[in-house]
Amino acid sequence: MAKMQKVTPEEVGGAFHAILEDYTYEVMEQIEAELPKLGRKVNQEVKKHITFNAGAQSKYLRSLGIEVIKGSRLYKSVVWRAKSPQSSLTHLLENGHQLPQGGRSKAYPHIIYGQKLVEQELPELVEKAVKDNA
């Protein structure tokens, strides 16, 4: 429980601001601690749905991974990506593409499964952090 302190009526706004700022930091720290775990789950989920001929030594498979980007105290992101030069293949594999001799190549959806996993688990992760710090 937070330490009680006396404030004058003029200081109430500042006191509320400080309390909410501390609460926000606690929630964000808990979420940030879980983001890399979620990123690794997304990477595993995407790789699990790769159905095209990509052996374990495939350059494309080795290029897939997560990157943690730390910004300010309230900003951290985990990005799933394919490293360059393989990154240009993600859209083509996911959606298919026009072939030079005519027709379209087959699409191999795999990234969408990682997106669905994040859409399902991230709200639960945020809700848990808010409840734990209430």
Condition met for Ser84 (of a type in the set (Gly, Ala, Ser) and modelled with pLDDT under 90):
yes
Specify which of the listed residues (Gly114, Gly65) is open to solvent by less than 60 Å² (accessible area, probe 1.4 Å), under 30 Å from Gln30 (Cα atoms) and assigned to a helix (DSSP H, G or I).
Gly114
Test Lys83 against the criterion of being in contact with a helix residue (DSSP H, G or I) (Cβ under 6 Å, 6 or more places away or on another chain) and either among the aromatic types (Phe, Trp, Tyr) or without any contact (Cβ under 8 Å) to a residue 40 or more places away in the chain (or both), and give yes or no.
yes
Every residue in the stretch 97-111 that is in a loop (DSSP other than H, G, I, E, B) and loosely packed, with under 15 Cβ neighbours inside 10 Å, please.
His97, Leu99, Pro100, Gln101, Gly102, Gly103, Ser105, Lys106, Ala107, Pro109
Determine which member of the set Glu32, Glu26, Glu45 is at pLDDT 85 or above and in contact with a helix residue (DSSP H, G or I) (Cβ under 6 Å, 6 or more places away or on another chain).
Glu45
Between a first residue in the stretch 46-72 that is farther than 17 Å from Ser88 by Cα and a second residue that is at pLDDT below 85 and open to solvent by 80 Å² or more (accessible area, probe 1.4 Å), which pairs have beta carbons less than 9 Å apart while being 6 or more apart in sequence or on different chains?
Ile69/Tyr75
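So, Pro123, is that one more than 20 Å from the chain's Cα centre (by Cα) and open to solvent by 60 Å² or more (accessible area, probe 1.4 Å) or not?
No, not satisfied.
The values are calculated or read from the model by the stated rules, or taken from the named source; none is laboratory data. It should be emphasised that the depicted structure is a prediction, and the values quoted were computed from it without experimental measurement. Please note: Cβ atoms are built from the backbone with ideal geometry, for glycine as well, and neighbour counts cover all protein chains shown. Note: areas computed on protein heavy atoms with side chains; ligands, DNA, RNA excluded. Shrake-Rupley method; radii C 1.70, N 1.55, O 1.52, S 1.80 Å.
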